[in-house]
Amino acid sequence: MGEEVKLFRGWSSPYALRIVWALKLKGVQYETIYEEVSNKSRALIEYNPIHKKVPVLVHNGKPIAESLVILEYVDEIWKQPPLLPQDPHRRAMDRFWAKFGDEKVLPSIWEAFKKQGKEQEEALSIAMENLKFLEEELKGKKLFGGEEIGLVDIALGWLANLVSVFEEIIGLQLMPEEKFPHLFAWMQVFADIPVIKESWPPRDKMVAKFQALREVHLSKEAQND
Amino acid sequence: MGEVKVIGSTRSLFCTRIEWALKLKGVEYEYIEEDIRNKSPTLLKHNPIHKKVPVLLHDGESIAESLVILEYIDEVWTQNPLLPQDPYQRTISRFWAKFSDEKVLLGSFDACKAQGEEKQKAIDTAQESLAFIEKEIEGKKYFGGESIGYLDLAIGWIPLWIAVMEEVGEMKLLEAEKFPFLHKWSQIFMDLPPVKECLPAREALLEYFHASINYLRSLEANKQ
């Protein structure tokens, strides 16, 4: 068929990992091009002139940007196994949760990570409120997708990696097991899926990178006072 | 096919796009007007997470988030399809709808709210985003091609709401010389009867935006 699939990605980005997981789960052969944020290739800028960001999927020369948009495309082109259910209402709910993850959960956890003192406490409490909604959603389910991994698992899968990295750096619990038993169990199940397990970026590099990022943010805050 | 209700506010562009979709597909629905400054138990029950309009109620199920609702409507009522058939074209539509909500809308609102030194910069940023949309409509009658589609509905807030933001924000954003194709599309789009039917009155929108902008500006002034 002459399928050409390329993925432009950063080594640590949770957004790029989603696409890696989806392609691997569906057995799609693809080429990876790693991009450095500080030194973007001409190809990347040509394929994503609007945001100039990764990930970008290029399928037979046609570029697609924005990870959740890419995921839906991947699911429509390579149908097995399906990430979205057939039923329109369940599809709508999956899209809703994926959006909630990106628009509320991720930013609130990021805030809690990069702040300190009282601001961190407040940010943490918002993050936990958001996590509570996810906890509720998981009740009675092994994965967000039910018995099989689905769009929402992939969209939220970054939790299974980044949360423990962040917790190690800030020395605080973002997602204590007693408060979030279902989310905790889900993270174990998710992280154990072979395709997921084999794709994590190296943990020591992650810790070093995010430690450095936190220090940059804290020193910027100090300068603003 | 089941009872359809929309919990919305006529001032909210996110709600108008839902009504457009339902009207274009000839779906009967009941509209429940919500006072967003005094949220009803019904809204809080059906959208406990965001507590926002619009919410679509269909057959006892509730769906929130306007772009998610648009896709749901398109999947349940398949007449007059909104999204293109081709997967790549569908992807492009989704990309631009997201861009419109995240960059164009927020950028326009920020430009409206900005004052003093920051104003011109905010206008420039908003116009940069609009320039991408201008390119997308160039050479096409609708964003959906020959007929109105999902992306027209997602971007359909522009003609009326940007005009309102220009007046309230005392600025020019969607200048005809800079954005001739968007202007042409606006005229065609705004002339369609189902579109016209669902638009709020300009005066009501102006009042609402004046109040919102003044409130936000006073919050910022108090922070300093």
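The values are calculated or read from the model by the stated rules, or taken from the named source; none is laboratory data. Predicted model only: the values in this text are computed from it and were never measured. Positions of Cβ are backbone-derived with ideal geometry, glycine not excepted, and every protein chain shown enters the neighbour counts. With ligands, DNA and RNA removed, areas are computed over all heavy atoms of the protein, side chains included. Shrake-Rupley method; radii C 1.70, N 1.55, O 1.52, S 1.80 Å.
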- Note on the structure: Residues from segment A:45-84 losing no less than 30 square angstrom of accessible surface in the full protein assembly compared with the chain alone, 1.4 angstrom probe, ligands and nucleic acids excluded, are A:I50, A:H51, A:K62, A:E66, A:V69, A:Y73, A:E76
- Message: Using 23 Å as the Cα-Cα cut-off, could you pick out the over-long pairs in A:K118/A:K220; A:K52/B:K113; A:K24/A:K142?
- Response: A:K52/B:K113
- Message: As a test, work out the antiparallel percent of DSSP beta bridges whose residues both lie in the protein assembly as shown, rounded to the nearest 5.
- Response: 70
- Query: Counting only protein chains, not ligands or nucleic acids, how are A:L183, B:L24 ordered by accessible area (probe 1.4 Å), most first?
  - Reply: B:L24, A:L183
- Can you give the accessible area of B:S66 in Å² (nearest 10), computed on protein heavy atoms with a 1.4 Å probe? 10
- Message: As a test, work out the antiparallel percent of DSSP beta bridges whose residues both lie in chain B, rounded to the nearest 5.
- Response: 70
- Task: May I ask for the longest run of chain A untouched by GluC sites (Glu not before Pro) that are loop-located per DSSP and have at most 15 neighbouring C-beta atoms (other than their own) within 10 Å?
- Result: A:5-146
- Item | Total formal charge among the other residues, if their Cβ is under 13 angstrom from that of B:G156, Lys/Arg +1 and Asp/Glu -1 | -2
- As straight-line cross-link partners of A:K139, the qualifying lysines (C-alpha separation under 17 Å, not fewer than 8 residues apart within one chain) are A:K179
- Query: Heavy-atom accessible surface, probe 1.4 Å, ligands and DNA/RNA ignored: which residues of segment B:58-72 lose at least 30 Å² versus the isolated chain?
  - Reply: B:E61, B:E65, B:V68, B:Y72
- Query: With every protein chain in place, what's the accessible area of A:K24 (1.4 Å probe, Å², nearest 10)?
  - Reply: 70
- Surface share of carbon and sulfur [accessible, 1.4 angstrom probe, percent] for the protein assembly as shown: 51
- Message: What FRET efficiency comes out for A:S125 versus A:L218 if R0 is 30 angstrom and r is the Cβ-Cβ distance? Round to the nearest 0.05.
- Response: 0.95
- How do A:D87, A:D153 rank by accessible surface area computed with a 1.4 Å probe, from largest to smallest? A:D87, A:D153
- Query: Where does the charge balance sit around A:V207 when Lys and Arg score +1, Asp and Glu -1, over other residues with C-beta under 11 Å from its C-beta?
  - Reply: +1
- Task: For every other residue with a beta carbon closer than 11 angstrom to the beta carbon of A:P55, add +1 if it is Lys or Arg and -1 if Asp or Glu, then tell me the sum.
- Result: +2
- Note on the structure: Asked for the total accessible area buried by B and A (1.4 Å probe, Å², nearest 100), one would answer 2500
- Query: Put B:K103, A:K115 in order of accessible area, largest first, 1.4 Å probe: what do you get?
  - Reply: B:K103, A:K115
- Note on the structure: Convex hull around the C-alpha positions of segment B:4-76: the volume in Å³ per residue is 79
- Task: Taking the Cα centre of the protein assembly as shown as origin, work out the dipole magnitude from +1 charges on Lys and Arg Cβ and -1 charges on Asp and Glu Cβ, in debye rounded to 20.
- Result: 540
- Task: Based on a Kirkwood Rh over C-alpha pairs, give the Stokes-Einstein translational diffusion coefficient of chain B at 10 °C and viscosity 1.306 mPa s in µm²/s.
- Result: 87
- Task: Keeping all protein chains in place, calculate the accessible area per residue for the protein assembly as shown (probe 1.4 angstrom), answer in Å².
- Result: 48
- Row for segment B:114-171, column shape: gyration tensor on C-alpha, a ≥ b ≥ c, rounded if a/c < 1.5 i.e. under 1.5, prolate if a/b over b/c, else oblate; value prolate
- Item | Entries in A:K99/B:K178; B:K98/B:K121; A:K132/B:K52; A:K141/A:K197 that, when Cα-Cα distance is taken, lie over 25 Å | A:K99/B:K178
- Point-charge dipole on Cβ atoms (K/R +1, D/E -1) for segment B:38-85, about Cα centre, debye to 20: 420
- On alpha-carbon atoms, Rg over Rh for chain A using Kirkwood Rh? 0.97
